[in-house]
Every structure is written in C-alpha cells, then in structure tokens.
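A short write-up of the structure that comes next.
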Amino acid sequence: TGFKATQGFHQPELCKLVSTNNIDLERWRLEVFPNPSVDQINVRFEQAGDARLYLRVYDALGRLVVPDKMVEQPNGSSLDCSAWEAGVFILQFYTLPGSGIATHKLIKL
C-alpha cells in the first residue's frame, strides 16, 4: 500500500548543482547545459570580481578527462565532448587550485 506502479523511463533532474564546498562559488550561479549532451556542453556563470573560473572533468572511474581548463566567457563558454565515450562525467569548478569546488554531474550520450 502506498506504492504506485508506473511504466516508462524516469530521469532525475540532471542540471542540478550537486555540491558546493565553497560558499563563494554559489555567487557564480553556474549553469551547465544541455544535460544530457551529445557533442558539446555550455557553461554560463556570473563572474565574481577578478577571480577566474576553472574546470576539470572526470569520468565515472575517476580518470581525468579534461585537466585544469579556464572557463573564459561568462555568457557562454562551450566545451567539445564529442570524443568522450558515453557515460557519466563529473565536472569540478573552482577558482584557485586547492580552493573549494562546485561539482556537477553530466550525462554524455
């Protein structure tokens, strides 16, 4: 009782910010889209002062796919993911090495 049986594919919200270890990164209002993606992802943010935003990408096994890349355009920087295998990837955003990290989960189709 209290259970509903349904058919079909159920998908959680995939563009949600997963975790933030640095309160300053919340001010950046990071957006990653589309998610899931086929060949390209876009990153939008609100720049906070003179700080620079960087990105690392890991696959589901923890292997580094994209090392320390600066995200340059606040109104829409893109990253080519067409050569990546299909799967789950973790995008880590940070302002300085060793600083707090904001993490997004990305699905590559």
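Points to keep in mind about this one:
- Put simply, the C-alpha atoms of segment 50-109 give a gyration tensor, and the ellipsoid matching it has half-axes of 20, 14, 9 Å, longest first.
- By accessible area with a 1.4 Å probe, ligands and nucleic acids excluded, highest first: order of Arg56, Arg63: Arg63, Arg56
- Full-stretch length increase - Arg27, Gln73 - with 0.36 nm per residue and alpha-carbon distance subtracted: 14.9 nm
- A cut-off under 11 angstrom between Cβ atoms defines the neighbours of Gln40, and their net charge, with Lys, Arg +1 and Asp, Glu -1, is -1.
- The peptide list 43-51, 101-109, put in order of mean Cβ contacts within 10 Å with the highest first, becomes 101-109, 43-51.
- Ranked by how many other beta carbons lie within 10 Å on average, peptides 79-90, 28-39 from highest: 28-39, 79-90
The values are calculated or read from the model by the stated rules, or taken from the named source; none is laboratory data. Keep in mind that what you see is a predicted model, and the values were worked out from it rather than measured. Counting neighbours? That spans all protein chains shown, and the Cβs are built from the backbone with ideal geometry, glycine included. Note: areas computed on protein heavy atoms with side chains; ligands, DNA, RNA excluded. Shrake-Rupley method; radii C 1.70, N 1.55, O 1.52, S 1.80 Å.
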